[in-house]
Amino acid sequence: MQHPIVCRLLPVVLLVIVQAVRAQSLTIVEYNCENLFDCRHDVGKSDEEYLGGAPRYWSWGRYHRKLNAIGRSILATDVRLPGLVVLCEVENDSVVRDLCRRSLLRAAGYDYLVTSSPDVRGIDVAVLWQPSDLRPICYDEVELPVPSGSRPTRNLLHVVFLDASLDTLHLIALHAPSRLGGRRSTRLRRRLAECVEQIVRSAGPSARFIVAGDFNDPPGGAMLRYLADHCHLVSSTRDALGSHGARGTYRYRGKWQRIDHILLSPSLSSRLLSARIADTPFLLERDTRYGGVKPFRTYNGARYQKGVSDHLPLCVVLGISDAEDE
């Protein structure tokens, strides 16, 4: 399967990078925000459940509450401000702009990119980065081809950065099709894995890659096995645990699931300092039916419960050693 890969150039001032404070580590966060929607209708999208007057009673007050909760979640993942953040289930550019400029993140100074996917509901992925840690060189958005009769899904976002040591760093952000679609969804996830493989191969064997997002696939699943076998990508979060009871990023019927991942190329995997699930207490609630804790989601069915997301963030810290690179 062939996909044209066209990298859109972004302006980079190398002098600014050279003069920047050279970071000793890079913190990476992946987070599925669970339907981060505003209250405006996106033309051509089925977002009616998050409009005024819909049964969910979504409102601007609830929207801004959720923005601040997502911002707080990102800030709480590490003692150091995350240098790179991958977000799933964001509605559009306006929502991510509000997150970066009008929430608790407004003083953090993040820059961002967002996909514009053909997904029926308007679900997109976004990448946030700290300009002091990373500078984008170019980016590309890849639409996943789907079989006739299938619903379109989320686009893949490929961004190429220069890091603090002036080395090239590739990021692929994705949100794979849900497993609820059966064999059709399995085929789509395989196509997505093939698309990732093409990008990795086209960059060359020495390229450094981070592939992060909601894969809707466990560590031993077909998509993860394919990426390990064909792209040599290593799961940095396969055995990640939380500090407050989380044993996965998502919980279904009392069982923790690991469907969010941060994969690394071997050269980056060797620099892994830590990997964990950021299960800060305000992101959790008691699981009264099955025991233990579970993510404190925004809605429980149709009932609004002032929660944050049905997923928990992943947090990975990579070491950056200038001495080794020189």
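The values are calculated or read from the model by the stated rules, or taken from the named source; none is laboratory data. All of these numbers come straight from a predicted model, not from anything done at the bench. Here the Cβ is made from the backbone with ideal geometry for all residues, glycine too, and neighbour counts use every protein chain on show.
Looking at region 230-241, can you tell me whether even one residue there is in a helix (DSSP H, G or I) and farther than 29 Å from Thr77 by Cα?
From region 230-241, those in a helix (DSSP H, G or I) are 230-231; that's our starting set.
After this cut, where a residue has to be farther than 29 Å from Thr77 by Cα as well, the list is 230.
For region 230-241, residues in a helix (DSSP H, G or I) and farther than 29 Å from Thr77 by Cα: present.
Filtering region 275-296 to residues that are of a type in the set (S, T, N, Q) and touching a Leu at 6+ places or on another chain (Cβ under 9 Å) leaves only Thr280. Applying a threshold of 7 Å to beta carbon distances and a minimum spacing of six or more residues, or different chains, the list of pairs starting in region 179-208 at a residue that is within 19 Å of Tyr139 (Cα to Cα) and in contact (Cβ under 8 Å) with a residue 60 or more places away in the chain and ending at one that is crowded, with 16+ Cβ neighbours inside 10 Å and not hydrophobic (A, V, I, L, M, F, W, C) reads Cys195/His3; Gln198/His3; Ile199/His158; Arg208/His170; Arg208/Ser265. Among the numbered conditions (1) assigned to a strand (DSSP E or B); (2) of a type outside the set (D, E, K, R); (3) in contact (Cβ under 8 Å) with a residue 60 or more places away in the chain; (4) in contact with a Pro (Cβ under 8 Å, 6 or more places away or on another chain), the only one that Val86 does not meet is (4). The set of residues from region 255-303 being small (Gly, Ala, Ser) and in contact (Cβ under 8 Å) with a residue 40 or more places away in the chain comprises Ser265, Ser267, Ser274, Ala275, Ala278, Gly292, Ala302.
Would you tally the residues in region 53-83 being part of a loop (DSSP other than H, G, I, E, B) and either under 16 Å from Glu34 (Cβ atoms) or not hydrophobic (A, V, I, L, M, F, W, C) (or both)?
So in region 53-83, the residues part of a loop (DSSP other than H, G, I, E, B) come out as 53-59, 76-83.
Keeping just the survivors that are either under 16 Å from Glu34 (Cβ atoms) or not hydrophobic (A, V, I, L, M, F, W, C) (or both) gives 53, 55-59, 77-78, 80, 82-83.
Count: 11.
Please determine, by comparing only the residues of region 135-160 that are in contact (Cβ under 8 Å) with a residue 60 or more places away in the chain and in contact with a Phe, Trp or Tyr (Cβ under 8 Å, 6 or more places away or on another chain), which one is surrounded by the most Cβ atoms within 10 Å (Cβ to Cβ). Result: His158. Among residues that are under 19 Å from Arg80 (Cα atoms) and of a type in the set (A, V, I, L, M), Ala278 is included. Within region 71-90, identify whether any single residue is out of contact with any helix residue (DSSP H, G or I) (no Cβ under 9 Å at 6 or more places or on another chain), surrounded by fewer than 15 Cβ atoms within 10 Å (Cβ to Cβ), farther than 25 Å from Asn216 by Cα and at pLDDT below 95, and answer yes or no. Within region 71-90 (the criterion being out of contact with any helix residue (DSSP H, G or I) (no Cβ under 9 Å at 6 or more places or on another chain), surrounded by fewer than 15 Cβ atoms within 10 Å (Cβ to Cβ), farther than 25 Å from Asn216 by Cα and at pLDDT below 95), the answer is yes, since at least one residue qualifies.
When Asn155 is tested against (1) more than 19 Å from Ala203 (Cβ to Cβ); (2) at pLDDT 95 or above; (3) polar (S, T, N, Q), only condition (1) is not met. The residues listed here are Leu192, Leu174, Leu169; of these, the one that is in contact with a helix residue (DSSP H, G or I) (Cβ under 9 Å, 6 or more places away or on another chain) and farther than 23 Å from Leu26 by Cα is Leu192. Within region 301-326, the only residue that satisfies the criterion of being outside any loop (DSSP other than H, G, I, E, B), touching a strand residue (DSSP E or B) at 6+ places or on another chain (Cβ under 9 Å) and at pLDDT below 95 is Gly319.
The residue list Leu272, Leu224, Leu318 contains one member that is under 20 Å from the mean Cα position of the chain (by Cα), over 19 Å from Ala176 (Cβ atoms) and surrounded by fewer than 23 Cβ atoms within 10 Å (Cβ to Cβ), which is Leu272.
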